[in-house]
Amino acid sequence: MSQEHDEYWMRHALMLAKRAWEEGEVPVGAVLVQGEQVIGEGWNRPIGHHDPTAHAEIMALRQGGKVLSNYRLLDTTLYVTLEPCVMCAGAMVHSRIGRLVFGARDAKTGAAGSLLDVLGHPGMNHQVEMTEGVLAEACAGMLSDFFRQRRAEKKALRKAQQVKE
């Protein structure tokens, strides 16, 4: 796929990440594409859904499975704003997606080469083609801005509580 093509779909994933932010969730977005058609979309929702598995990637894969009426998501590409965690990487292997494209690396929990390399492990029964760093600055910037805002809100809350005391 061309860089322009990947950037187009990553912008779509960034739009979904913004929805997560608006819902008070960590801003990660994912879009599952087959050919030129969106078959699944997701954004982080574990807080709102009270579901630790409600990561953007899982939500997009679940929707894709329903659209295709199959848990095998062959010939699909998943675009994600952040490097997937172990759970999400495992789901990608089990679903047999063809390709993963992600934006920002995640040194703390990334399972596509940062902390671990689940997707590139030679023992896996399915290999996922991978492209990283697509719109990485925009993806990482959104996460940095979110956490900066969250820290400022917590600091303001602590200050307000101190004033009451």
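By the rule of a C-alpha distance below 12 Å, with chain neighbours fewer than 8 residues away ignored, the aspartates and glutamates paired with Lys18 are Asp145. Near His55, once Lys and Arg are set to +1 and Asp and Glu to -1 for all other residues with Cβ below 15 Å from its Cβ, the sum equals -3. Solvent-accessible area of the range 38-82 (1.4 angstrom probe, protein heavy atoms only): carbon and sulfur portion equals 55 percent. Considering only DSSP beta bridges where both residues belong to the range 1-115, give the percentage that are antiparallel (nearest 5). In the range 1-115, approximately 65 percent of DSSP beta bridges are antiparallel ones.
The loop-placed trypsin sites (Lys or Arg not before Pro) in the range 69-165, going by DSSP, that have at most 14 neighbouring Cβ atoms within 10 Å of their Cβ come out as Arg72, Lys108.
Taken over the range 1-74, the alpha-carbon convex hull comes to 82 cubic angstrom per residue. Net charge around Gln161, counting only other residues with Cβ within less than 12 Å of its Cβ (Lys, Arg = +1; Asp, Glu = -1)? After counting each charged neighbour, the total is +4. Simple rule: put +1 on each Lys or Arg Cβ and -1 on each Asp or Glu Cβ in the chain, find the dipole, and look at Gln3, Val86, Gly123; the Cα lying farthest toward the positive end is Val86.
Taking other residues whose beta carbon is less than 10 angstrom from the beta carbon of Arg45, and scoring Lys, Arg as +1 and Asp, Glu as -1, yields -2. Taking every protein chain into account, the accessible area of the chain amounts to 55 square angstrom per residue (probe 1.4 Å).
The values are calculated or read from the model by the stated rules, or taken from the named source; none is laboratory data. Everything numeric here is computed off the predicted structure, so don't read it as measured data. Using ideal geometry, Cβ is built from the backbone for each residue, glycine included, and neighbour counts are taken over all protein chains shown. Just so you know, the surface numbers come from the protein's heavy atoms only, side chains and all, with ligands and any DNA or RNA stripped out. Shrake-Rupley method; radii C 1.70, N 1.55, O 1.52, S 1.80 Å.
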